[in-house]
Amino acid sequence: MFVPRYTITNRILKNIGVIDASREVILNSPLIPAWEAKFKKEALERSVHHGTHLEGNRLSFEEAQEVLDGREVLARERDIQEVINYRNVLKFLDELAAQIRADGRYTLTEEILLGVHNLVVDKIVIPEKAGQFRTRQVVLKNSLTGEISYTPPPAAEVPYLVEDLLNWINGPESLDVHPVLKAGIVHYELSRIHPFVEGNGRTARAVATLLMFLDGYDIRKLFSLEEYFDANPIDYYSTLQAVSNQLVLDSHERDLTPWLEYFVEGVAIELNRVKERVRRISMDARVKDKLGEQVTLNERQMLIMEYLHRHKQMQNKDFRKVFPDYSDDTVLRELRFLKQKGLIKKTGGTKMAMYVLK
């Protein structure tokens, strides 16, 4: 029976605290529909691009956006298809999570796992290998040296190892495991088993994301773990392989702690980033209450409002603190807009001007 072995370290505890605090802020922040839809779209774009780029996809972020928007891109057909496929995977996860939650307690089945893989490799591998466990031995090699970096379990063991993992996910043993830790455990174990000839990484990350969704950690679909992994792929792969290459007599004796520390920290970094952005955007709700109408502020305008709420006033000398990359004319234009809307007022002359909340 599969029983993950790990230690809850201070590093893990600290980042679980950051995750839950960020989750609480994000879930309870007043986001107007336009901003929430915008953030969800951006999170999907980042997940798709970084989730495929991590596996060697050559499209830039802008090219991936164009593909997702249905525009024509001059690029390798496989790269385009990978982006389309991963978009379809994330939409499938969203729909599946909503359906399963409506039915009550979820069960992650082999059919779901194979269905995710089928979408990941659609039109990339031959149909006979899509949504099917591998039937031959594979090895992972260092792309630079050609040396074998990891040898997954024999193909004959794959169905039984997957069944063992699914039994743990669906059984009582996993109920007391924090959802983020559970997602990290499943991500690692699927990567270790390497159930498929191709598409294992994308499938493992997708299933981990699905589990977070099902356990109430969808965080309004505003986050992208893939971006954290893709920021330093060497750390991502080396941490996975370091755990898999531990010298143990039985695979269940492997200590997952290093991987879980890395995984949980990534979730904490991403959710904290989303929290800060959502907190700024929540200014829109205050604007609506004040004016009696919905006014959508751009990010520069929201930063100004946030600064004024914190510091009570803003002068020309403060422009560089808040907007180091924008000209004074740009900042003044945003201030004029806020003044016209009756949100701020200006006192003093041009050089000694002071802006305060109205």
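The values are calculated or read from the model by the stated rules, or taken from the named source; none is laboratory data. Just so it is clear, the model here is predicted, and its values are computed rather than measured. When we count neighbours, we look across all protein chains shown, and the Cβ atoms used for this are built from the backbone with ideal geometry, even at glycine.
Details
- Qualifying residue in segment 198-210 (condition: part of a loop (DSSP other than H, G, I, E, B), closer than 19 Å to residue 120 by Cα and not small (Gly, Ala, Ser)): yes
- Any hit, segment 73-87, residues being out of contact with any Asp or Glu (no Cβ under 8 Å at 6 or more places or on another chain), under 19 Å from residue 209 (Cβ atoms), at pLDDT below 95 and of a type in the set (Phe, Trp, Tyr): no
Yes/no matrix, rows are residues, columns are (1) in the same structural domain as residue 94 (by TED's automatic domain parsing); (2) in a helix (DSSP H, G or I):
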{"residue": "2", "(1), (2)": "no, no"}
{"residue": "16", "(1), (2)": "yes, yes"}
{"residue": "22", "(1), (2)": "yes, yes"}
{"residue": "26", "(1), (2)": "yes, yes"}
{"residue": "30", "(1), (2)": "yes, no"}
{"residue": "36", "(1), (2)": "yes, yes"}
{"residue": "41", "(1), (2)": "yes, yes"}
{"residue": "45", "(1), (2)": "yes, yes"}
{"residue": "48", "(1), (2)": "yes, yes"}
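- Count of segment 228-262 residues which are assigned to a helix (DSSP H, G or I) and under 16 Å from residue 47 (Cα atoms): 6
- Filtered residues of segment 341-351 (kept if over 38 Å from the mean Cα position of the chain (by Cα) and either at negative phi or of a type in the set (S, T, N, Q) (or both)): 345, 346, 347, 349, 350, 351
- Condition met for residue 226 (surrounded by fewer than 22 Cβ atoms within 10 Å (Cβ to Cβ), more than 18 Å from residue 36 (Cα to Cα) and among the charged types (D, E, K, R)): no
- Among the residues of segment 337-355, those that are in a loop (DSSP other than H, G, I, E, B) and either aliphatic (A, V, I, L, M) or in contact with a Cys (Cβ under 9 Å, 6 or more places away or on another chain) (or both) comprise 343, 352, 353.
- Of everything listed in (1) of a type in the set (A, V, I, L, M, F, W, C); (2) over 15 Å from residue 165 (Cα atoms); (3) part of a helix (DSSP H, G or I), the single unmet condition for residue 223 is (3).
- Inclusion of residue 75 among residues that are out of contact with any Gly (no Cβ under 6 Å at 6 or more places or on another chain), assigned by TED's automatic domain parsing to the domain that holds residue 219, of a type in the set (Gly, Ala, Ser) and assigned to a loop (DSSP other than H, G, I, E, B) is warranted.
- Every condition in (1) modelled with pLDDT under 95; (2) touching a helix residue (DSSP H, G or I) at 6+ places or on another chain (Cβ under 6 Å) holds for residue 147 except the one numbered (2).
- Test: residue 152 is more than 18 Å from residue 93 (Cβ to Cβ) and in contact with a His (Cβ under 7 Å, 6 or more places away or on another chain): yes
- Residue tally, condition over 24 Å from the mean Cα position of the chain (by Cα), free of Cβ contacts under 8 Å to residues at least 60 places away in the same chain, in a loop (DSSP other than H, G, I, E, B) and loosely packed, with under 15 Cβ neighbours inside 10 Å, over segment 106-137: 4
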